[in-house]
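**Q** Mind having a look at this structure? Questions to follow.
Only the coordinates and a few stated rules stand behind these numbers; no lab work does. The structure displayed is predicted, hence computed values, not measured ones. Glycine gets a Cβ as well: all are built from the backbone with ideal geometry, and neighbour counts include every protein chain shown.
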């Protein structure tokens, strides 16, 4: 693994990097343009000490690992802490968009490679406050960040979304009118409420037919842990099928490697001596669920997110890109260059 340009001398991060570097793979189809549709940026994270720093230097190293990643989309992260210290509380999240737009300008300089980092910025606003409060905040996001595209609900805490609340729905209609997007995770707190969250998303998608809604993480913490509970796989499949039937809903194909999903991918389950999973192993474990989502939504309504800044249960970036390319091509192989 290449030496990072701005190394943080944190023993957990050093160990994490060393473990990931034990399974190098050359890029496959390096000419194919890719967009990383979901990553974060942070330093001194309060809990993820294995990645003490993940800023433009570290991101540029990973997106430059061999694949033709042309653009990235920054995804809001409450735990990153990029908020304004002063001013009205509802406007404090605008600080995150201000910060990331500055990082995007750094990327545009060309000093970090050809990838347009932060070409899209997804921030947040308290959508429960209603249209009159939310619209000025959204307009200020757009004013301070020309790459601002939309919001994610409170760090993706889908279980707390007030789907039936009139103020929440009025806020979504502002997003719809301003041609902004709405990102939302599926349920990630066990026991997973697929019916409540995915069904709620389907109801607001039907009520706001011009609002583009992006379901993150394949619709929740899906995998061995969730599906060990009777009926949960069927609830997830029903919920995702209902969302896929709505043309304004899109899916992010990624996130299955997180620890909450239960796949045995990390050093905690494989052992330190085993090293990280190869892309072949990753494909074997995840292609059924990724493939199911791609078949439901179709390739034109699916996007790939990276494993960057997530726990050491994840494989290196290049392995996850390989898995995504192989899964997609097995289902629908677009011509080179698309």
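**Q** Could you give the length gained by full extension between residue 167 and residue 26, i.e. 0.36 nm per residue of separation minus their alpha carbon distance, to one decimal place?
**A** Contour length minus the Cα-Cα distance gives 45.8 nm.
**Q** Note the full-extension length gain between residue 90 and residue 14 as 0.36 nm times their separation in residues minus their Cα-Cα distance, in nm to one decimal.
**A** Working it through step by step, the gained length comes to 23.6 nm.
**Q** Still on this structure, please answer the following. With labels modelled as points extended 7 Å from the Cα through the Cβ direction, what inter-label distance (nm, one decimal) is found for residue 225 paired with residue 280?
**A** 2.9 nm
**Q** Could you tell me the largest-minus-smallest coordinate of the C-alpha atoms of the stretch 146-235 on each of the three principal axes, in descending order and whole angstroms?
**A** Each principal axis gives a Cα extent; for the stretch 146-235 these are 42, 28, 19 Å.
**Q** A further question on this structure: What base-10 log of the normalised intensity I(q)/I(0) is obtained for the stretch 31-149 from the Debye formula, alpha carbons as equal point scatterers, at q = 0.13, 0.16, 0.21 Å⁻¹?
**A** -0.53, -0.77, -1.16
**Q** Starting from 0.36 nm per residue, how many nanometres of slack lie between residue 78 and residue 105 once their C-alpha separation is accounted for?
**A** Additional length available on full extension: 7.5 nm.
**Q** Then there is this: Among 246, 265, what is the fewest-to-most ranking by other Cβ atoms within 10 Å?
**A** Details: 246 14, 265 25.
With the sparsest Cβ surroundings first, the list reads 246, 265.
**Q** Taking the Cβ of each residue in 91, 54 as the centre, tally the other Cβ atoms inside 10 Å and list the residues starting with the fewest.
**A** Exposure proxy ranking, most exposed first: 91, 54.
**Q** With the cut-off at 1.5 for a/c, could you classify the stretch 118-178 from its C-alpha gyration tensor as rounded, prolate or oblate? Walk me through the numbers on the way to the answer.
**A** Numbers: a/c = 2.37, a/b = 1.44, b/c = 1.65.
Oblate.
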